[in-house]
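The values are calculated or read from the model by the stated rules, or taken from the named source; none is laboratory data. These numbers were taken from a predicted model, which means no experiment stands behind them. Ideal geometry is used to build each Cβ from the backbone, glycine not excepted, and the neighbour counts take in all protein chains shown. Areas reflect the complete protein model, heavy atoms only, side chains present, ligands, DNA and RNA absent. Shrake-Rupley method; radii C 1.70, N 1.55, O 1.52, S 1.80 Å.
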Amino acid sequence: IGLLGISISLTTTIIPPLLIALASSMTIHIISAYRSHAENSSDKRKVIVESFSELSSPLITGALTTAVGFGSLIISPIPNTQKVGVFAVVGISFAIWISFTFAPAILSVLPLAKPKTTTHSRISNMDRLVESLIRITLQQRWLILAITAVVIGVSVAGMLRIKVDTDFLSYFKED
């Protein structure tokens, strides 16, 4: 945006946090797969290849669907909305490119991550919480589905009552 001499607007300010979130999530998935594969192999190259083979399809699909969604903003008649669409698509393209080039390069230079070994198995509080939630969800699935249907119904009813007010001049006194 800066290189093209385009000024930042209220709408284009969403692009940096969007790209940080997208790139971070892709990197987290890559590191997680890398650590998982490192448990079963001591060959760093094999671990990297297996990790990216496993993740290439979901990461590219996720990035492409996000890019298409933001790309649809390009047909908007509002110039700032078009800019968001263009720069989000460009940014997402760079994020996926960096994830598939820079991340493996860094992982290949770093020492192979070895899993932490523990002498005893300890169940964490988070594990207990997740197990409890799963158990409750399975036992009360119809109640949860009913509550979800009510929330969706109330949300739809509320959405139908939304009024768009973009008359910014009405915020100011006539004088």
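Some notes on this structure:
- Residues of the stretch 143-158 include none that is open to solvent by 100 Å² or more (accessible area, probe 1.4 Å), more than 30 Å from L3 (Cα to Cα) and either hydroxyl-bearing (S, T, Y) or at pLDDT below 85 (or both).
- Residues of the stretch 33-57 that turn out to be under 20 Å from I96 (Cα atoms) and either free of Cβ contacts under 8 Å to residues at least 60 places away in the same chain or outside any helix (DSSP H, G or I) (or both), as a count: 10
- Residues in the stretch 1-43 that are at pLDDT below 85 and either at positive phi or surrounded by 15 or more Cβ atoms within 10 Å (Cβ to Cβ) (or both): I1, G5, T11, T12.
- N80 meets all of the listed conditions (1) free of Cβ contacts under 8 Å to residues at least 12 places away in the same chain; (2) over 17 Å from the mean Cα position of the chain (by Cα) but one, namely (1).
- The lone exception for S93 - which of (1) modelled with pLDDT under 85; (2) closer than 30 Å to L59 by Cβ it fails: (1)
- Being of a type in the set (S, T, Y), closer than 30 Å to I6 by Cα and either open to solvent by 40 Å² or more (accessible area, probe 1.4 Å) or modelled with pLDDT under 85 (or both) is a description that does not apply to T117.
- Check on S132, out of contact with any Phe, Trp or Tyr (no Cβ under 8 Å at 6 or more places or on another chain), modelled with pLDDT of 90 or more and either assigned to a loop (DSSP other than H, G, I, E, B) or among the polar types (S, T, N, Q) (or both): yes
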